[in-house]
Each structure stands twice: as C-alpha cells, then as structure tokens.
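Peer 1: Mind having a look at this structure? Questions to follow.
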C-alpha cells in the first residue's frame with residue numbers, strides 16, 4: 001500500500017472518529033490542528049486506525065507520534081511485514 005493510499009484511508013478514519021466528512025489532514029497535521037482532538041478522541045482514533053488496518057501499535061510507538069505523518073510511516077512499515 002502506498003503512502004498516498006494510507007493517508008487517504010487514515011483520512012477516512014479521522015472523518016469517522018471526528019464526525020467530520022469534510023476533514024482535510026496531511027502528514028504535518030497535529031492534534032492542535034483538529035478541533036476536538038483531545039486525549040479521549042486520541043484513544044478512539046488509535047483504536048480505529050488499528051482496527052481499520054488490522055495492526056497493533058505499542059504504547060511507545062504511539063507516544064513517538066508527533067503528527068499524522070509519523071503514524072502513516074509506521075503503518076506503512078507494519079503493512080509491509
């Protein structure tokens with residue numbers, strides 16, 4: 001799966017979690033860029049991303065995410081395995 005495809009699917013997950021079908025995210029998007037992205041929604045987001053892509057993130061991996069691009073790069077690595 002290409003990085004563009006991953007970002008497109010991650011965007012769909014964001015749209016679902018934040019109930020915003022018009023949401024636009026990119027690799028540099030952070031929690032401060034998305035209204036409503038608080039700690040509770042962060043847990044929901046991580047859970048939904050894991051379910052959607054059928055992967056598991058370790059707590060240390062999640063704590064290293066600085067932006068959406070970090071999550072997408074890790075997804076790309078996990079999907080290759």
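FYI, it's all coordinate maths here, none of it is from the lab. Bear in mind that the values here come from a model prediction, so they are computed numbers and not experimental data. Note that each Cβ is placed from the backbone with ideal geometry, even for glycine, and that neighbours are counted across all protein chains shown.
Peer 1: Given the peptides 35-41, 45-51, arrange them by the average over their residues of other C-beta atoms within 10 Å, most packed first.
Peer 2: With the highest mean Cβ count within 10 Å placed first, the list reads 45-51, 35-41.
Peer 1: Here's another thing I want to ask about it. Taking the 0 to 90 degree range and rounding to the nearest ten, how far is the long axis of helix 68-80 tilted relative to the main principal axis of the chain, both from C-alpha atoms?
Peer 2: 30 degrees
Peer 1: With a cut-off of 8 Å between alpha carbons and a minimum separation of six or more residues, what is the relative contact order of the chain in percent?
Peer 2: 41 percent
Peer 1: Sticking with this one: 222 nm [θ] for the chain, helices only, -39500 (n - 2.57) per DSSP H run of 4+, per residue, to 500?
Peer 2: When only DSSP H runs of four or more count, the value is -19000 deg cm²/dmol.
Peer 1: Continuing with the same structure: Quote the Stokes-Einstein diffusion coefficient, in whole µm² s⁻¹, for the range 1-42, based on the Kirkwood radius over alpha carbon pairs, a temperature of 25 °C and a viscosity of 0.890 mPa s.
Peer 2: 228 µm²/s
Peer 1: What label, among (1) 1.45; (2) 0.99; (3) 1.18, belongs to Cα Rg over 2.2 N^0.38 Å computed from the structure on display?
Peer 2: The listed entry that was calculated here is (2).
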